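Here's the structure, in structure tokens; my notes come after.
The values are calculated or read from the model by the stated rules, or taken from the named source; none is laboratory data. Values in this document were obtained by computation on a predicted structure and should not be read as measured data. Positions of Cβ are generated from backbone atoms using ideal geometry, with glycine treated the same way; all protein chains shown enter the neighbour counts.
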Amino acid sequence: MDVECLDTVSWGLFLARFHKGSRFVLEQTRVNDEVWLPRQLAVKVDVRLALLKDFNVDIEQTFRDYKKFRSSSKIVSVGEVQEPK
């Protein structure tokens, strides 16, 4: 997914104003032929919040080495729960 502001975008009247060129990129990969998980995330945001504060953020994050794990759970009724002594 690749999202880029082609023009300045206001959100919530004066709540946030995203400037032209702000970008969000998300790459995903299929793990164990079962599930799609993030591989890389890149965010470049130039935003003004509530007409008070400007933020210029540039973040890049890579995800890797996913491990499969197993867990078990059991649904019990109230009568089966024992109070500690």
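Observations, loosely collected:
- Identity of the residue in the range 1-26, out of contact with any Gly (no Cβ under 9 Å at 6 or more places or on another chain), without any contact (Cβ under 8 Å) to a residue 24 or more places away in the chain and surrounded by 13 or more Cβ atoms within 10 Å (Cβ to Cβ), that ends up nearest to Glu60 (Cα to Cα): Phe24
- Test result for Val81, modelled with pLDDT of 90 or more and out of contact with any helix residue (DSSP H, G or I) (no Cβ under 9 Å at 6 or more places or on another chain): no
- Any chance Val35 is surrounded by 10 or more Cβ atoms within 10 Å (Cβ to Cβ), under 16 Å from the mean Cα position of the chain (by Cα) and not charged (D, E, K, R): no
- Filtered residue count, the range 1-54, keeping only those that are of a type in the set (Gly, Ala, Ser) and under 30 Å from Phe69 (Cα atoms): 1
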